[in-house]
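What follows is one structure encoded as structure tokens, with my remarks underneath.
The values are calculated or read from the model by the stated rules, or taken from the named source; none is laboratory data. Treat the numbers as computed from the prediction; the structure is a model and nothing was measured. Here Cβ is always computed from backbone atoms with ideal geometry, including for glycine, and neighbour counts include all displayed protein chains.
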Amino acid sequence: MEISSVGIVGAGQMGNGIAHVFALAGYDVLMTDISQESLDKAVALIDRNIERQVARGKVTAEVKAAAMARIKTTLKLADLGQCDLIIEAATERETVKQAIFEDLLPHLKPSTILTSNTSSISITRLASRTDRPEKFMGFHFMNPVPVMQLVELIRGIATNAETYDTLHAVVERLGKTSATAEDFPAFIVNRILMPMINEAVYTLYEGVGSVKSIDESMKLGANHPMGPLELADFIGLDTCLAIMNVLHEGLADTKYRPCPLLTKYVEAGWLGRKTQRGFYDYRGEVPVPTR
């Protein structure tokens, strides 16, 4: 199937990044969110981010202008129904995602492919609540989308070969690399990454090391570009906790038990960079460890 128009549900960190790369790759993009303010902020951010690419010589001003012209916004979810491909990039809560797909169903073309950018939730289960499980896949982009090269392609139990092949070709057109993952909790990247972050939080919780010593140890001792606690703040501690809960519940193994300190930070509303406080306090000029 040929994809030319893409609907994106959610204009947050992931949604605007996905819109950015699709528009640059020549796709017509229609983005929706629950507030016009969120949509306006997303378009302004995409404009700034592509302008950075122009300044670095990655794209030309003409390419930028053409990409920005391809991005449209709407407050009506139903308007996305005529798109060839829809990517749900809403909050990482299954009930929210299910409600979005249920609201979309009456407005879809028969040929429309549905996908979710979920980082951990069962694709088979999400697909089963729609009228087209064979045309449903996990389409998991990494954050920040314009920079990260990987896209996880996750087939549900009913996903057909044509849908997989179509999305594989889309990833190639975006200039990214796909990794095929089976539909098990958290797929590949987060199945490996989140327990490492959770273990770093346990290391802090048990007093083995401070925030600074844990992050420096992994950066200088394991050559990681970011320390695990710094990375958790970047991802969002609520997202980290949600993925650990999916792993714990889905695999029923105590090694995936979320650290109580991670839960405590989320309960406090200290979710990382997006709330200005997490394992670091970002309210000053330089991030300061909170423990």
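Observations, loosely collected:
- Matching entry among Ile157, Ile86 (being modelled with pLDDT of 95 or more and assigned to a loop (DSSP other than H, G, I, E, B)): Ile157
- Verdict on Leu45 being modelled with pLDDT of 95 or more, under 22 Å from the mean Cα position of the chain (by Cα) and under 15 Å from Ala11 (Cα atoms): yes
- Comparison of Phe139, Phe184 shows that the only residue that is surrounded by 20 or more Cβ atoms within 10 Å (Cβ to Cβ) and either part of a loop (DSSP other than H, G, I, E, B) or touching a residue at least 12 places away in the same chain (Cβ under 8 Å) (or both) is Phe139.
- Each residue in the range 239-291 was checked for being assigned to a helix (DSSP H, G or I) and crowded, with 19+ Cβ neighbours inside 10 Å, and 12 pass.
- Taking the criterion of being part of a helix (DSSP H, G or I) and loosely packed, with under 11 Cβ neighbours inside 10 Å, the residues of the range 42-60 that qualify are Arg48, Ala55.
- Filtered residues of the range 89-105 (kept if assigned to a helix (DSSP H, G or I) and over 25 Å from Met1 (Cβ atoms)): Glu94, Thr95, Val96, Ala99
- Output for the range 145-181, where each listed residue is among the basic types (Lys, Arg) and either farther than 23 Å from Gly17 by Cα or without any contact (Cβ under 8 Å) to a residue 60 or more places away in the chain (or both): Arg155
- Test set (1) under 25 Å from Thr166 (Cβ atoms); (2) modelled with pLDDT of 95 or more - Ser119 fails condition number: (2)
- For Met68, the requirement of being closer than 17 Å to Gly7 by Cα and in the same structural domain as Gly26 (by TED's automatic domain parsing) is met.
Per-residue answers, yes or no, for (1) of a type in the set (Gly, Ala, Ser); (2) over 30 Å from Asp281 (Cβ atoms):
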{"residue": "Phe139", "(1), (2)": "no, yes"}
{"residue": "Glu152", "(1), (2)": "no, yes"}
{"residue": "Thr163", "(1), (2)": "no, yes"}
{"residue": "Tyr205", "(1), (2)": "no, no"}
{"residue": "Gly209", "(1), (2)": "yes, no"}
{"residue": "Asn223", "(1), (2)": "no, no"}
{"residue": "Gly236", "(1), (2)": "yes, no"}
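- Ile34 being more than 20 Å from Gln149 (Cα to Cα), part of a strand (DSSP E or B) and either at pLDDT below 95 or of a type outside the set (S, T, N, Q) (or both): no
- Ser119 being among the hydroxyl-bearing types (Ser, Thr, Tyr) and closer than 20 Å to Phe234 by Cα: yes
- Residue count, the range 199-258 (criterion: farther than 20 Å from Val189 by Cα and free of Cβ contacts under 8 Å to residues at least 24 places away in the same chain): 11
- Looking across the range 21-56, the residues that are of a type in the set (S, T, N, Q) and over 23 Å from Lys76 (Cβ atoms) come down to Asn49, Gln53.
- Taking the criterion of being within 12 Å of the chain's Cα centre (by Cα), hydroxyl-bearing (Ser, Thr, Tyr) and not in a strand (DSSP E or B), the residues of the range 106-136 that qualify are Thr118, Ser119, Ser120.
- Residue match in the range 109-120 (condition: touching a Leu at 6+ places or on another chain (Cβ under 8 Å) and not hydroxyl-bearing (Ser, Thr, Tyr)): yes
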